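Just so it is clear, none of the values below were taken in a lab; they were calculated from the coordinates. Values in this document were obtained by computation on a predicted structure and should not be read as measured data. Virtual Cβ from ideal backbone geometry, glycine too; neighbours counted across all protein chains shown.
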Amino acid sequence: MPNSIITGTGSYIPTRNVPNDFFLKHAFYDDDGTQFSTPNFEIIRKFQEITCINERRYVTDDLNTSDIAFMSAEKALEGVDRESLDYIIVGHNLGDVRADNNRCDMVPTIAARVKHKLGIRNPYTVAYDVPFGCPGWLHGMIIADYYIKSGDVGKVLVIGAETLSRVSDPHDRDSMIYSDGAGAALVEATNRPVGILSHVTRSDTFEEFNLLRLGKSYSPDSDGNQLYLKMDGHEIYRYAVKKVPEAVKQSLDKAGLTLTDVEKIIIHQANQKMDEAILKRLFKLYGVKDIPEHIMPMTISWLGNSSVATLPTLYDLLQRGKLNNHRLHTGDIAVFASVGAGMNVNSMVYRMP
């Protein structure tokens, strides 16, 4: 049975840098339409303290999700015959949302648009989307692994792209978390004992399904016809801190490995304090007190939360030597983990080729 390895990566980081003081003049309201009496500078200070986000990136008005997904794909496919791709899988949640119209446009699929932009004529390069919340790119990787292990597929391009700035309520404090971006990975078959070793996915849709959703603006002047991202932050935090470590441990158990075998934990960049709490609980599950200083690379302080794009962007930057002292070498074990709307959680164990 063949294994799946990542042979190429790419990412697109938007050029528009948005620092926290961008929000100083915003009017923030509670979910009942009451304006907060706390000064904005204090709201922003508290936000930065909790999330560790100093700035984020937004796309310029001329770009959309399919555009930046294509840009990241081009980098991942450098030197590769595009016509040889078996699948193009794009993880996203909201499709193309134009700067002048925040309606979600998903017909045709973002994957179909990317394939078109790449100029691929092969009708057997199958292109489709995976709307799976923030874990969408990682779920695309898991699907790619299943395809490759079938023995009939050799190359799968997996992309994560989102333009959350287009669906962020300017009157909601939580909007400061969101950002835009795209990342891609080319996955190929190999007979070597490397690459994707195991994975675990779970969906909690009984009580937690609506913790992250679309809803009307918090502004009392809103007509209610436009939808924006909304979340129950405290409940998501509690859910993630409990469920993500469990999924990581399950995936390591399936691979016959333990936490001390892991060189890097590549986790969804949603909230640095939350990620640190997840890491702490994971080590507690193994009874390990000392957490290695460089085990969890972070990009959230300057890139914010770009949903499905955070993991592939982080991995691309890591592979290109752009994350300070973080490196992965042949034989190293990395764990990818994500959590998001659904609520969905997944974890993947990967041995560097």
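Figures for the structure shown
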| quantity | calculated |
| --- | --- |
| Within the chain, helix-based [θ] at 222 nm, where runs of 4 or more DSSP H residues each add -39,500 (n - 2.57), nearest 500 | -8500 deg cm²/dmol |
| Considering only the chain, percent of DSSP beta bridges that pair antiparallel, nearest 5 | 75 |
| Spatial separation of Cα centroids for the stretch 94-134 and the stretch 181-219, in angstrom | 17 |
| Average projected area [Cα convex hull, the stretch 219-353], square nanometres | 9.7 |
| Under 9 Å, Cβ to Cβ, from Val59 - net charge with Lys/Arg +1 and Asp/Glu -1 | -1 |
| Among 299-305, 135-141, 216-222, the order from most to least packed when residues are scored by Cβ within 10 Å on average | 135-141, 299-305, 216-222 |
| Selected from Gly95, Gly183, Gly331 as most flexible by GNM, with the chain as the system and alpha-carbon contacts under 10 Å | Gly331 |
| Antiparallel DSSP beta bridges within the stretch 3-193, as percent of all bridges there, nearest 5 | 70 |
| Calculated on alpha-carbon atoms, Rg and Dmax of the chain in Å | 19.6, 62 |
| Net length gained if the chain between Asn102 and Glu276 were fully extended (0.36 nm per residue, minus Cα distance) | 59.3 nm |
| Förster radius 35 Å - calculated FRET efficiency between Asp21 and Asp221 (Cβ-Cβ, nearest 0.05) | 0.90 |
| Relative contact order %, the chain, counting alpha carbon pairs below 8 Å whose residues are six or more apart | 26 |
| Nearest-ten-degree value, helix 310-319 long axis tilted from longest Cα axis of the chain | 50 |
